[in-house]
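Okay, handing you the structure first.
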Amino acid sequence: MELSFTELNRSNLLFRLSYLTRRWRKVLDAEFQSAGLTDASWRPLLHLHILGDGVRQKDLAASIGIEGPSLVRLVDTLVAKGLIQRMEDATDRRAKLLSLTPAGRSIVVSIRETVRLLEKELLDPFSDHELSQLGQLVERLECAVNVRCTRGKR
């Protein structure tokens, strides 16, 4: 059975988005590596900044997309480097809350500037209208995936 042009584009779209995401991360990894940051350090710092200080370790792990035990090792390293601090949660003594230190915040500023410059370079060829449309389409796709994930958990 042959696929129509529309079906072929649909069947390939999510694969291409996944591939694009992996390639984007490679670009970021290469940029940050030249600045002395590894994937294991820049991603948790950036996600912690986005989530905000006082986030639980399990929530940071979910945001990054790694298992809790793997995050513990990363956090231990970042704590030892003075980039993150770990505190007990007053509402649940078993849980640990994470915050960026001033040194961690300083690194996040440089991470965000690098990302901003790369995004500008890659997105400049597109008009504001095209980027707005793309953003809306991605948001709709994210919602559909989230609904599917929620439905699959039942």
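Looking only at segment 102-130, count how many residues are under 20 Å from the mean Cα position of the chain (by Cα) and either under 17 Å from LYS81 (Cα atoms) or of a type outside the set (Lys, Arg) (or both).
Here the count works out to 17.
If ILE111 passes every condition in (1) surrounded by 11 or more Cβ atoms within 10 Å (Cβ to Cβ); (2) without any contact (Cβ under 8 Å) to a residue 60 or more places away in the chain but one, which one does it miss?
That leaves (2) as the condition not met.
So, in segment 25-43, how many residues would count as being touching a residue at least 40 places away in the same chain (Cβ under 8 Å), part of a helix (DSSP H, G or I) and open to solvent by 50 Å² or more (accessible area, probe 1.4 Å)?
Within segment 25-43, residues that are touching a residue at least 40 places away in the same chain (Cβ under 8 Å), part of a helix (DSSP H, G or I) and open to solvent by 50 Å² or more (accessible area, probe 1.4 Å) number 2.
Which members of segment 47-83 meet the condition of being charged (D, E, K, R), farther than 22 Å from SER106 by Cβ and part of a helix (DSSP H, G or I)?
LYS58, ASP59, ARG73
While we're here: Looking at segment 64-81, which of its residues are open to solvent by less than 70 Å² (accessible area, probe 1.4 Å) and over 19 Å from THR101 (Cβ atoms)?
GLY65, ILE66, GLY68, SER70
The values are calculated or read from the model by the stated rules, or taken from the named source; none is laboratory data. The structure presented is a predicted model; accordingly, all values stated were derived computationally and were not measured. Note that each Cβ is placed from the backbone with ideal geometry, even for glycine, and that neighbours are counted across all protein chains shown. The area values use the complete protein model at the heavy-atom level, side chains included, leaving out ligands, DNA and RNA. Shrake-Rupley method; radii C 1.70, N 1.55, O 1.52, S 1.80 Å.
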